[in-house]
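Q: The structure follows.
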Amino acid sequence: MSKRHSVKYKIDRRLGENIWGRPKSPLNARAYGPGQHGQRRKGKLSDYGLQLRAKQKLKGYYGSITEKAFRRLYDEAARRKGDTGENLIGLLEGRLDAIVYRAKFVPTVFAARQFVSHGHVLVNGKRVNIPSYQVQIGDKVEVRERSKQLAIVLEANQLAERDVPDYVEVDHGKQVATFVRVPALSDVPYPVQMEPNLVVEFYSR
């Protein structure tokens, strides 16, 4: 598994947005970029800059996916019929770590990646430890029996700051989630505006 080298909340400050909507985000207290030059006035972004920023924001939201993995998802989205931007969102939301996060089995997308990697998750009764695994419609994702009483799981179930979207059905008593349908961009509860159309423009240059 590739390692994430950047500090996760620096992503918030670099982009100037609380992209996960977390109360702990340092952006709530320091609404400027990290580092000694963080408070400099920012000039107007070019079209390329806006496209790059949109890509960084989307990549960052899903736990700083590597460029190689993100490009692979984009290529698959472009290959499929329909709107490439919508297809990309569907593929990102279909990742196993994204489903674990949406189901509120863990509190953050970063915790979701680690939770899956450490073997705490079953898909249709079989253990899967690949965060990028693509969950199919109707698949059942559940927390392994011996992991159901972990503090991180019990605490995440009670989080009031976000709700489970309707394309994931969850039984928190059994710690089981079902991927009901592939969501459209408008279905995904992003705390900030995501612009997959700009990501498509970035890769289409």
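Q: Got a number for carbon plus sulfur as a percent of the range 43-106's accessible area, 1.4 Å probe?
A: Looking at the range 43-106 in its full context, I get 49 percent from C and S.
Q: The range 50-137: D in µm²/s via Stokes-Einstein (Kirkwood Rh, Cα pairs, 10 °C, 1.306 mPa s)?
A: Numbers: Rh = 13.5 Å.
Calculated translational D: 118 µm²/s.
Q: How high is the relative contact order of the range 94-183, given as a whole-number percent (alpha carbon pairs under 8 Å, six or more residues apart)?
A: Once divided by the residue count of the range 94-183, the mean separation gives 33 percent.
Q: Considering only protein heavy atoms, what per residue accessible area in square angstrom results for the range 65-148 with a 1.4 angstrom probe?
A: Values: 3780 Å² over 84 residues.
I get 45 Å² per residue for the range 65-148.
Q: Based only on Cα atoms, what mean projected area does the convex hull of the range 94-183 have, in nm²?
A: 4.9 nm²
Q: First compute the accessible area of the range 110-205 with a 1.4 Å probe, then give the percent of it belonging to carbon and sulfur atoms.
A: Carbon-and-sulfur percentage of accessible area, whole number: 48.
The values are calculated or read from the model by the stated rules, or taken from the named source; none is laboratory data. Just so you know, these numbers come straight off a predicted model, no measurement behind them. Note: accessible area is taken over every heavy atom of the protein model, side chains too, but ligands, DNA and RNA are not part of it. Shrake-Rupley method; radii C 1.70, N 1.55, O 1.52, S 1.80 Å.
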